[in-house]
Structures are given as C-alpha cells and as structure tokens.
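So the structure is just underneath, and the comments pick up after that.
The values are calculated or read from the model by the stated rules, or taken from the named source; none is laboratory data. Note that the coordinates shown come from a computational prediction; the quantities given were computed from them, not determined experimentally. We place every Cβ from the backbone using ideal geometry, glycine too, and count neighbours over all the protein chains shown. Protein only, heavy atoms only, side chains kept; ligands, DNA and RNA dropped before computing areas. Shrake-Rupley method; radii C 1.70, N 1.55, O 1.52, S 1.80 Å.
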Amino acid sequence: MADNGEEKLIAVARHIAKTLGHTDNTADDILQIFSNFDGRLREKLSEKLTEDDDVLTNSSLDQTLKALERRISRYLSADRLIWSDSADSAAFLDSVDDLIGVIRDWTPMAAEKAVASCLDRAEDLLQQGMFRLEDEFKSLMERGGESFDVTRYSNGESTGFDSDEDIDEDENDDDEEIPVAHRISDFNIVIDALPSGTINDLHEIAKRMVIAGYGKECSHAYSSYRREFLEESVSRLGLHKLSIDEVQKMQWADLEDEIEKWIKAANVAVRILFPSERRLCDRVFYGFSNASDLSFMEVCRGGMTQLLQFADAVAIGGRAPERLYKVLDVFEALRDLIPHIQMVFSDQYCLFMGNEAVSIWKKLGEAIRGIFMELENLIRRDPAKAAVPGGGLHPITRYVMNYIRVACQSRQTLEEVFEDGVSPPVDRPSSSSLLSVHMSWMMELLESNLEAKSKIYRDPALASVFMMNNGRYIVQKVKDSELGSLLGDDWTRKHTAKVKQYHVNYQRSSWSKVLQVLKSDNNSSPTVELRAMKEKIKLFNNHLDEICKTQSNWVIFDEQLRDDLRNSVFSNLSMTYRSFLGRVQSVPDPGRQMERHIKYNVEDLESKISELFSGNGRRK
C-alpha cells in the first residue's frame, strides 16, 4: 500500500507540474513542498520529473518536425514550379524559415540523444528543401533571361543594336538558347540582365540558402547560368577563344583583325558587361558579400581570362617592327581599361585579375621597347650592297623615317612606355625625355648607316648627292611631324647645315675642275694666251658635256632642292664663263677663229644645266 501511495503522490506531483507549466524553478518548488512531508519522496520524484521532461521535450520537437514535414513535403513533391504562384512561394519560404529556426534553436541541445535524432531528421528535410530551392533558383534565372530585352538599359532607353548575324525564327523558339547582349557603342550604360521582380525572388532564395549553409551551392547555380550568358555575349562581339599558341601561329594580317575585334570586345566587356554582372550579383546576394564576390568571380573569371590571355599572347609575340602599331593599340586599350578593371574586380576573390591586367600591360610596354630595339638592330645591320641609282633616296631612309613619323603620332604613349623602361643607350640630357633620346639615337644610327652606304659611290660628287637627298628627306620628315619637337630645333638646324655642306661638297667635287679651266693666265703673251684660250674652250666644252651627260641621270627628289642646286651651279658657273668670254673677245683673233670653238653662250649654259638631276628615279 505504501508503494501504491507513493505512486499516487508522484502522479499528483506530475499533474501539478504539467498544469503549472514545467520549468526548473517549478520543479524545485514542487520537490521542496513534498520533501517536507517525506524526504524519501524527493529523490524518486526528481527522477520521475526528469524522465517526464525528456519525454515532453522529445514529443514537442517531434510534433514540430512532423508539422514542418507535412508543410514542406507538399511543395517538394509538386510537379510544377513553386514560384509560378506567389502564395505558394511565400508559404514555402515561411516553412523553410521555420525549419531553419528549429534547427538553430535546438542545436545547442544536440548532445541529448533524442534531440540529436530529431535534428538529423530536420537536417535531411532542410537538405531536400535546399535542393528544391536550388531548382527553383535555376528556373527563375532561365525564365528571367528568356524575357530579358537586351536593348533595354537602366536609363529606360532602347538603342536598337543589331547582333552580328541574323537569327532565324526557328532558332528563337529554342528553349535552351541563351540570350546575349548585342553590339553596342555607348559605354555609359548598365544592363539590367534580369527583370526586377525576378531579382527579388532570387534574392529571397539566395538568402535562405546562404543562411542554411548552402551558399556555395547557390553561388554555383547562379554562376553556371550567368557565366554561359556572359561568355556567349563576349563571343557575339566577335572575339574568338584562342590559346596563346594559336595566337603565336597566326599570320600577321589575321592577327591584326583579331586585335581590332579584341579592342572592341574588351571595351564592351570591361565597361558594360562586367559592371552589369557585378550589379546583378550584389542585388541577388544583397547582405551576403562573400557569396556575391564568389559568384561574381566565377561568372567573370573565364571572360576576363580570355581577354587577358589574348593581350598576353600579343605581348610575348615577335618583335618585328611592323607589329608596333597594333601592339601600341593593345597597350593603349588595356591602359585605359585598367582603372575600370581594378574598380570592378576589387574584392578578395577578383583582386588577382586587376593585378594580372597591370602585369600584362607592363609586358606590352616591354614588347614595344623590344620592337624599337629590333628596329635599331635592323638599321645597324642593313648592309651596304648595291648603290642606289642616281644617288637617290635609299629604301631604309624612307622606311625608317615614315615608320618613326607614324609611331610618333602616339608620342604620349611612347613617352610613357620609355619612361617606364630601361635606360637609354646614350646619356640623357636633363631637359630631354627618354623618348627623345631614343629618337636622336636612332637618327644617329641611320645617318651612320647612310654614310657607310655613300662610300659605295666611286664619284665623290655622286656620294654627296646621295647624302644630300637622304639628309634632306630626313630633315623634312622631322619638320613635318612630332619628331621635330622631340628632337628639338638645335637638331633640325644642325642637320639642315649638314645638307648644305653636302651641297658645297657636290659643287666642289663636280665643278671646281671646270671653273679652274676658265681661270686666266695673266703672265701669258697674246699669242700664247690665244692658243691657251682655244685649249680652255675645248676642255670646258668636254667637261661640261661629260658632267651634264652623267649628272642628267642623277636624282634630286626634292623639287625645291633640285631647283636650288641648279640655280647655284648656274650662278657660279655663268659668272666665271661670262668673264672668260670677255677675255676671249679681248684677245686678238685674226679671222675670228676662236668663235668656231665657242660651243655655248650663257643662255645655252643655263639650258644645259637645267638638264641636271632629271633621272627617272622614284620620288616620294
């Protein structure tokens, strides 16, 4: 009977505890009251209440989970999209929130076996819910992309850009086709790649998945779809996926075309597509910067790597001088894009892309300096082979001067390249830029090369004509281009004076012998002088005919220089010739025999000299 009485008493105590609401304080109070009647009851009552507490706790969690399973399972088994109905999607998210809350609240008590078992069930249910959310997430992105109009931008304007190629209506009906951005020319825009409502729905799903510990799965689902969209968009801009080896093997003409496409694609990608993806990531993963940064990196890494890899291939390519202008184009394009790259790829996952862009940009600068070094070697090694007919303009002069003249149209870029490069091959004056020092050095190399080539000519006069032609061409090209300000007025004056000296050397080599013939012999008797005059006239006629015959095939390319040279020759010669004819008339000449030997008068002399330098050499 005593045991039966204890059982009844314990049952009463349990009933009181349930009625009052079980807490630790309530249990202690009940135990204290009953222990006053019989201390033996305290230990038994405490054990019974603890057992009841476990049963009550397990029952409460179990009931909660069963309710959540019923609520969530109906959506997990649905064969239609949950987000096709806003009420369903809201209810499903509420259920997921409740499940996440249950797991969060009960996890601290996971050491208890009964609680741990329930939590395992909850985690399984959560995983199933996350899998369904991931599927819904992907479907929302696909549906949102299908309804996206690439001609609509954040400013609400439609630019009506056309794609690179027409798309058949049948192709538009393909459910798997990825919509892409069409060609654009205005970089001051941002693309809203998905409708605002879809972005909000994606954000709500992403928030639950990240909180539940499924952020990587959500990021992967997001980046897989967006990466395909982005890469296809870049492809539509005309840029092909080429390995470094494939770029290296391309014919230069083909590579020039690819560089043009790269510049356009890089500007669109860096200024529009990547910032738009950054904006979309930040909106979908708002409040979760780590997930946003990771997703953005996964989306853009392939496209950015493709752009940088092409620029890198150009940078490590050959150093042939004809590559300079296109390498400059790539250098300038990447330089202008680097601030945008560093801004959009500034987070922890993407920082390496900005650093890589700067590294490749510097390699392009090294390539440009290397190309100029190759040009210097080309000038230095160009052999002195056959002489240019008529002392005309040498091909290397034309090539080098036109090359440098065009290159200096990018003076600001070249100065940037050389200031960032190695020291120049000569001492640098304090007032000169490294570029001007390099240009001056190249002019010296060219001049030395031409002087070596002039020695091929056996006739010193023709060698002077050769140097005069090439020197005049160089000076004119310098004056008419940015080279003039780079090399300075002193350089121009110095080399203009050199051209004049070549002029003097020509006059001395060609006409000094003729002028010497016409000089008088003051100590001769009239008879001797008459005889000497006859010899002088014969010599003069022979020398003049020989020079004019030979030099009529010589070339002076510059019209002004040619006229100046003819006039100078005639001026010096005619003065002496007139004096000579005057002396001839003053010498007694019975029978006027001397007149038969005078072949040319002064006017004839001018006509004869006007035939000089009329060779058929090419002019430019």
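I'm told Glu559 meets every condition in (1) surrounded by fewer than 15 Cβ atoms within 10 Å (Cβ to Cβ); (2) more than 30 Å from Cys408 (Cβ to Cβ); (3) at pLDDT 90 or above except one. Can you identify the failing condition by its number?
If we test Glu559 against (1) surrounded by fewer than 15 Cβ atoms within 10 Å (Cβ to Cβ); (2) more than 30 Å from Cys408 (Cβ to Cβ); (3) at pLDDT 90 or above, just (2) comes out false.
With region 195-274 as the region, which helices (runs of 4 or more DSSP H) entirely inside it contain at least 2 residues that are buried (at least 21 other Cβ atoms within 10 Å of the Cβ) and out of contact with any Cys (no Cβ under 6 Å at 6 or more places or on another chain)?
Working: elements: 196-211, 215-236, 244-249, 252-268.
The helices (runs of 4 or more DSSP H) meeting that bar are 196-211, 215-236, 252-268.
Quick test of your reading of the structure: Lys549 fulfils all but one of (1) surrounded by fewer than 19 Cβ atoms within 10 Å (Cβ to Cβ); (2) within 12 Å of Lys599 (Cβ to Cβ). Name the failing condition by number.
Every condition holds for Lys549 apart from (2).
Which of (1) under 38 Å from the mean Cα position of the chain (by Cα); (2) exposed (fewer than 14 other Cβ atoms within 10 Å of the Cβ); (3) among the hydrophobic types (A, V, I, L, M, F, W, C) does Val475 not meet, given it meets every other one?
It is condition (2) that Val475 fails.
State whether the residues of region 431-451 include one that is touching a helix residue (DSSP H, G or I) at 6+ places or on another chain (Cβ under 6 Å), of a type outside the set (A, V, I, L, M, F, W, C), at pLDDT below 95 and open to solvent by 40 Å² or more (accessible area, probe 1.4 Å).
Checking region 431-451: not a single residue is touching a helix residue (DSSP H, G or I) at 6+ places or on another chain (Cβ under 6 Å), of a type outside the set (A, V, I, L, M, F, W, C), at pLDDT below 95 and open to solvent by 40 Å² or more (accessible area, probe 1.4 Å).
Does region 374-384 contain at least one residue that is of a type in the set (A, V, I, L, M, F, W, C), more than 23 Å from His340 (Cα to Cα) and surrounded by fewer than 16 Cβ atoms within 10 Å (Cβ to Cβ)?
If we filter region 374-384 for residues that are of a type in the set (A, V, I, L, M, F, W, C), which is where we start, we get 375, 378-379, 384.
This time we only want the ones that are more than 23 Å from His340 (Cα to Cα), so: 375, 378-379, 384.
Those left that are additionally surrounded by fewer than 16 Cβ atoms within 10 Å (Cβ to Cβ): 384.
Yes, some residue in region 374-384 is of a type in the set (A, V, I, L, M, F, W, C), more than 23 Å from His340 (Cα to Cα) and surrounded by fewer than 16 Cβ atoms within 10 Å (Cβ to Cβ).
Residue by residue through region 493-516, note down the ones that are open to solvent by 20 Å² or more (accessible area, probe 1.4 Å) and of a type in the set (Val, Ile, Thr). I'd like the intermediate steps shown before the answer.
To start, the set of residues in region 493-516 that are open to solvent by 20 Å² or more (accessible area, probe 1.4 Å) comprises 493-498, 500-505, 507-509, 512-513, 515-516.
Listed by number, the residues that qualify are Thr496, Val504.
In this structure, does Leu49 turn out to be modelled with pLDDT under 90 and open to solvent by 80 Å² or more (accessible area, probe 1.4 Å)?
Working: modelled with pLDDT under 90: yes; open to solvent by 80 Å² or more (accessible area, probe 1.4 Å): no.
Spelling it out, it is not the case that Leu49 is modelled with pLDDT under 90 and open to solvent by 80 Å² or more (accessible area, probe 1.4 Å).
Return yes when Glu322 is at pLDDT below 95, of a type outside the set (Phe, Trp, Tyr) and in contact with a helix residue (DSSP H, G or I) (Cβ under 9 Å, 6 or more places away or on another chain) and no when it is not.
Answer is yes for this residue.
Being more than 23 Å from Glu419 (Cα to Cα) and surrounded by fewer than 15 Cβ atoms within 10 Å (Cβ to Cβ) narrows it down to one residue among Phe345, Phe352; which is it?
Only one candidate qualifies: Phe352.
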